[in-house]
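Heads up, the thing below is written out as structure tokens.
Values quoted throughout were computed directly from the atomic coordinates according to the rules given, and no laboratory measurement underlies them. Just so we're clear, the structure is a prediction, and the values are computed from it rather than from any experiment. Neighbour counts are summed over all protein chains in view; Cβ atoms, including those assigned to glycine, are modelled from backbone coordinates with ideal geometry.
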Amino acid sequence: MQAVVLVGGQGTRLRPLTDSRPKPMMSMVDRPFVAHQIDHLVRAGVRDVIFSCGYRPDALESHFGDGRAFGVKLRYVVDPEPLGTAGAVKNAEEYIDADRFLVLNGDILTDLDLHAMLAQHQATGAVGTIALTPVEDPSAFGLVRLHDDNSVEEFLEKPSADELRPGEPYRINAGTYLMERSALEFIPAGQKVSIERETFPKITATGGLFGFPSESYWRDIGTPASYLDANVDVLAGVVVTESPTPGPYLGAGVSSGSGRIAVDACVGDATQVAADASISRSVVGARVRVGQGAQIRGALIGDDVVIEPGASVLEGAVIGDGAVIGAGCEVGDSAIPTGAVVQPDGRVLAAS
């Protein structure tokens, strides 16, 4: 089989970190996030991968090249303009030559059993199969209802309480699809098309769309909180990955002095952590300098950031690349732009 990985999004909810890197290249412990998806495919025996790109494709291609170093044949398709999830798949059609192929949203961390999904897909004769994951409250998602044979009955976008049926399972689209090549016939070329809102309902009308309910690990990394949780889960071994566990993760050349780095922290290459500084439940980028007595807790820190002595970067803080957090400052639950300076009096000066 082949796989199309949708890596074209701009990652606006993860700004300012995505000002300087596409979301799929955000670090996830010891490798870019999308490398975990390649690992997942390789474990399932999929070695032919197409990246459907949009925002900053150069960053992906310069890191992954032709894919040989990662165990796959890798090719790139760049959307000329945003084409939506289905339009991006259609734009990759010239490279899709297998009878069936996988589609992966480029911001989902999962260890879904792709072999079991394929077995159901073949047994049902589906045109398309959608992986589904359970949620406690579907009101913020799109509920997918199934018939007894797992064929899709209907989609309900952000259902209200009176639209729900007593006792029904709440399952949502998990962002992994298995499709016959014939599914491409349902997608018009050169148009912006949503696979969830336009293509899947068309296939459902033919009886050819099925759901694959799964209890496997699943997380969308699109928000700062979820991205941080995903890193912590990888460190704890909650999800199957190729990353080292248990944590903490310390990149090459990390100098930690007598600083305290907790098991739920990731620290990037060449970062310096001074004596009496502490880092817990955080992702800290490369070449960061953490000063004497500083503390980082529940935060995301970009590359080349300076945390001056005595500063505190606390829960919900997202610090852009090259920013400076002044001595004794406290930053929490806010985003500090790329290159900005937070002064000791709390004022934020934009990059010059």
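For the reader, a short list of remarks on this structure follows.
- Normalised by the number of residues in the chain, the average gap of Cα pairs under 8 Å and 6 or more apart makes the relative contact order 14 percent.
- Cα centre as origin, Lys/Arg/Asp/Glu Cβ charges: the chain dipole, Debye: 620 debye
- Nearest-ten-degree value, helix 224-236 long axis tilted from longest Cα axis of the chain: 90 degrees
- Among Lys90, Lys158, Lys73, residue whose mean-square fluctuation peaks in a GNM of the chain (springs only between Cα atoms under 10 Å): Lys158
- In terms of its Cα atoms, region 81-133 spans 36, 26, 14 Å along the principal axes, sorted from long to short.
- Length added when fully stretched, Arg145-Ala189, from 0.36 nm per residue minus Cα-Cα: 13.0 nm
- Binned Cα-Cα distances of region 163-272, short to long, each 5 Å bin given as a whole percent: 2, 8, 13, 13, 13, 11, 10, 9, 8, 6, 4, 2, 0
- Summary value for region 249-349: 17 percent relative contact order, contacts being C-alpha pairs under 8 angstrom separated by 6+ residues.
- Calculated FRET efficiency for the pair Ser255/Ala119, C-beta based, R₀ 41 Å, to 0.05: 0.25
- Each label point was placed 7 Å from the Cα along the Cα-to-Cβ direction; for Glu242 and Asp229 their separation is 2.7 nm.
- Cα long-axis angle, helix 33-43 against the chain (0 to 90 degrees, to the nearest 10): 50 degrees
- Gyration tensor (Cα) of the chain, equivalent ellipsoid semi-axes in angstrom: 39, 21, 19
- Inter-probe distance in nm under a simple model that places probes 7 Å from Cα toward Cβ, at Asp333 and Glu163: 3.1 nm
- Mean sequence separation of contacting Cα pairs (under 8 Å, at least six apart), scaled by the length of region 2-104, corresponds to a relative contact order of 36 percent.
- Loop-located trypsin sites (Lys or Arg not before Pro) in region 135-207, at most 16 other Cβ atoms within 10 Å (DSSP): Lys192
- Stretch gain in nm, segment Ala205-Met1, where the contour uses 0.36 nm per residue and the Cα spacing is subtracted: 70.8 nm
- Residue-span extension gain [Val263 to Ser62] - 0.36 nm each, minus C-alpha spacing: 69.2 nm
- Rg ratio (alpha-carbon, reference 2.2 N^0.38 Å) - region 278-352: 0.91
- Rough spin-label spacing in nm, given labels placed 7 Å along Cα→Cβ, for Leu349 and Val78: 3.7 nm
- Helix-only arithmetic for the chain: the sum of -39500 (n - 2.57) across DSSP H runs with n ≥ 4, divided by the residue total, places the mean residue ellipticity at 222 nm at -4500 deg cm²/dmol.
- When the chain is treated as a GNM with alpha-carbon contacts under 10 Å, the residue of Glu308, Glu196, Glu94 showing the greatest mean-square fluctuation is Glu94.
- Equivalent-ellipsoid semi-axes of region 205-352, from the Cα gyration tensor, Å, largest first: 32, 19, 12
- Projection of the Cα convex hull of region 9-120, averaged over all directions and equal to a quarter of that hull's surface, yields 7.5 nm².
- Hull volume in cubic angstrom per residue (convex hull over the Cα atoms of region 126-198): 102 Å³
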